[in-house]
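Here is the structure we will look at, set down as structure tokens.
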Amino acid sequence: MRTTLVTGASGFLGAHVVAAALTRSRSEATLADPLGPPVVAQSRGPALLAPRFGPGPRDAAEWIERDLTGEGAVELLDAVRPEEVIHCAAMSRTAACEAEPELAVELNARVPGAIAAWCAARGARLIHVSTDLVFGATDAPSGGFEEEAEPAPLSVYGRTKLEGEQAVLDAFPSATVARLPLLYGNSGGRGLGASDSLLEALERGDRPRLFVDEWRTPLEVSNAAEALVELLEFDHGGALHLAGPDRVTRHEFGLAVLAAMGLEPGAARAEIEEAHQADLDPGAPRPRDVSLDARLAARHLETALRGVEAGMARAVAP
């Protein structure tokens, strides 16, 4: 029976990918196997710290606590022997990557390469999650960066994620490298992602400063997870962009989040402050515009990639 492995399963994205993978498995359930094909969820920390999304029980997935550094990734794969892997685990905090670049290389480049080599040797399907921040040295063209655009990252995080992409495709050209944009949505009360981190800051009494000269193509996190799981059925080797259709500034995005929470435009503008990149020292280089063109994915996937208004409506739905 097919086994699907999700790495980084306790993270903001990973928890939603586990939920989407379980939904897919339940759709294939039988009387003899009421949970459907198994889903294995890897986390570096205790599984109980991961939120549960969707209607299925937590124990519908098999949770394994494992560090992927060193030989950890290959040891996990040898133990689970999955037919499918969605590799979400990464060192994703930009400041942390700047502070510990060697660890960023290990987690964002070497580990993905090892996973890809294992999958290639055994014919396992691999979806490797990457980022829009492999771009940034130049602004996105009108319509966003297409898959064939030349990457040019600014930060250690972007550079190591690009090295990871290259390591994956060198080892396994049939793997899919799914580049994701700024993600937002329900983080299970953890203050993760672009919308929950904003709302948590407001709850602390802060007045966040959001850039009016930084553009992204945000995507709601459960929407991204559903698309990643659908990609397991889509035979595409190389890069593929999964992003929302709306190109918005960080400030425009903040206003959309507050509108979804019921604030009138005037009240929303009073809660956040307009800022320019030159006004702040972010601690690491920030690109101005890494908008992604996701038309290729939209043409081939049944999962619709939603704009910010529809995505936020889903994120705040009970």
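What are the pairs with Cβ atoms under 6 angstrom where one residue, in region 292-304, is in contact (Cβ under 8 Å) with a residue 12 or more places away in the chain and closer than 24 Å to TRP215 by Cβ and the other, located anywhere, is assigned to a helix (DSSP H, G or I) and of a type in the set (Asp, Glu)? Sequence gap at least six, or different chains.
These pairs meet every condition: LEU292/ASP132; LEU301/GLU230; THR303/GLU226; THR303/GLU230.
Filtering region 270-301 down to residues that are under 18 Å from HIS241 (Cα atoms) and over 19 Å from the mean Cα position of the chain (by Cα), which residue is surrounded by the fewest Cβ atoms within 10 Å (Cβ to Cβ)?
ARG299
Before we move on, is ALA256 surrounded by fewer than 19 Cβ atoms within 10 Å (Cβ to Cβ) and farther than 23 Å from PHE145 by Cα?
Spelling it out, it is not the case that ALA256 is surrounded by fewer than 19 Cβ atoms within 10 Å (Cβ to Cβ) and farther than 23 Å from PHE145 by Cα.
Would you please name the residue that is farthest from the chain's Cα centre (by Cα), looking only at residues in region 10-54 that are over 23 Å from ALA178 (Cα atoms) and of a type in the set (Lys, Arg)?
ARG26
Just to be sure before I move on: is ALA140 among the small types (Gly, Ala, Ser) and surrounded by fewer than 24 Cβ atoms within 10 Å (Cβ to Cβ) in the structure I sent?
yes
So which helices (runs of 4 or more DSSP H) stay within region 4-105 end to end and still have 1 or more residues that are among the polar types (S, T, N, Q), loosely packed, with under 14 Cβ neighbours inside 10 Å and on the phi < 0 side of the Ramachandran plot?
Ranges flagged: 12-27.
Considering only region 124-179, state which residues are aliphatic (A, V, I, L, M) and within 13 Å of ASP293 (Cα to Cα).
Taking region 124-179 and keeping what is aliphatic (A, V, I, L, M), we get 124, 126-127, 129, 133-134, 137, 140, 149, 152, 154, 156, 162, 167-169, 171, 175, 177-178.
The answer is ALA140, ALA149, ALA178.
Does PHE234 count as among the aromatic types (Phe, Trp, Tyr), surrounded by fewer than 19 Cβ atoms within 10 Å (Cβ to Cβ), in contact with a strand residue (DSSP E or B) (Cβ under 8 Å, 6 or more places away or on another chain) and under 30 Å from HIS300 (Cβ atoms)?
Spelling it out, PHE234 is indeed among the aromatic types (Phe, Trp, Tyr), surrounded by fewer than 19 Cβ atoms within 10 Å (Cβ to Cβ), in contact with a strand residue (DSSP E or B) (Cβ under 8 Å, 6 or more places away or on another chain) and under 30 Å from HIS300 (Cβ atoms).
Can you tell me which of (1) touching a Pro at 6+ places or on another chain (Cβ under 7 Å); (2) surrounded by fewer than 15 Cβ atoms within 10 Å (Cβ to Cβ); (3) not aliphatic (A, V, I, L, M) is the one GLY307 doesn't meet?
Checking GLY307 against (1) touching a Pro at 6+ places or on another chain (Cβ under 7 Å); (2) surrounded by fewer than 15 Cβ atoms within 10 Å (Cβ to Cβ); (3) not aliphatic (A, V, I, L, M), the one that fails is (2).
Checking PRO285 against (1) touching a Leu at 6+ places or on another chain (Cβ under 6 Å); (2) of a type outside the set (Gly, Ala, Ser); (3) part of a loop (DSSP other than H, G, I, E, B); (4) at pLDDT 95 or above, only one condition comes out false. Which one?
Every listed condition holds for PRO285 apart from (4).
Restricted to region 165-198, and to residues that are out of contact with any strand residue (DSSP E or B) (no Cβ under 7 Å at 6 or more places or on another chain) and crowded, with 20+ Cβ neighbours inside 10 Å, which residue is farthest from ASP235 (Cα to Cα)?
Per the criteria, the residue is LEU198.
The values are calculated or read from the model by the stated rules, or taken from the named source; none is laboratory data. No experiment lies behind these values; they were computed from the predicted model shown. We place every Cβ from the backbone using ideal geometry, glycine too, and count neighbours over all the protein chains shown.
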